[in-house]
Amino acid sequence: MRSLDLTPLMRSSVGFDDLFRLAEARLDSASQSYPPYNIEKLGDDEYRVTMAVAGFSADELDVVLEDRVLTVTGRATEEDDSRTFLHRGIAKRAFERTFRLAETVEVKGAGFENGLLTISLERRVPEHMKPRQITIEKGSPKASVLASGDKAVAEKTAA
């Protein structure tokens, strides 16, 4: 019996810990093969995406975050026609690569050095989403404290 390898589906998402998001993953791996990239987990809450964009300059690259989708776009400028290539192995074609980020993942910044675009990400979990210990009391749980505006309404209702 064959087993299903989900590794390719997990390549373009950062910060998700469940498999439910796999239903949204794009299965078109051919269009997602250029440029090559790495996703590293640097710590419990830190990630780094590194893309090999040889031949591009920083002004030919765009990094945009919109609606939890990080989009990296490369647009090559016109080449100098006076150069004659005997072999052209460095691909400098336009590309667009997207990464879906979890609600708790924020983009801290981006850098470009030696043909590598580096994007720093950090997971920040809000207090209301962090696990918390609930104290177990004897008997019924106590009613929550009412806001000052609701206190008068509660007193009239009780009377």
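Details
- Complete set of residues in the stretch 19-53 that are aliphatic (A, V, I, L, M) and modelled with pLDDT of 90 or more: Ile39, Leu42, Val49, Met51, Ala52, Val53
- Residue selected from the stretch 58-90 under the condition exposed (fewer than 12 other Cβ atoms within 10 Å of the Cβ) and among the small types (Gly, Ala, Ser), by the criterion nearest to Asn38 (Cα to Cα): Ala58
- Scope the stretch 32-74; condition closer than 17 Å to Phe112 by Cα, in a strand (DSSP E or B) and not hydrophobic (A, V, I, L, M, F, W, C); matching residues: Tyr37, Asn38, Glu40, Tyr47, Arg48, Thr50, Asp62, Thr71, Thr73, Gly74
- Tally, over the stretch 75-109, of residues that are part of a strand (DSSP E or B) and under 13 Å from the mean Cα position of the chain (by Cα): 10
- Number of the condition not met by Ala58 [criteria: (1) under 13 Å from Arg97 (Cβ atoms); (2) modelled with pLDDT of 90 or more; (3) more than 15 Å from the chain's Cα centre (by Cα)]: (1)
- Residue match in the stretch 144-152 (condition: polar (S, T, N, Q) and at pLDDT 90 or above): no
The values are calculated or read from the model by the stated rules, or taken from the named source; none is laboratory data. What you see is a predicted model; the values in this text were computed from it and never measured. Cβ: placed from backbone, ideal geometry, glycine included. Neighbour counts: every protein chain shown.
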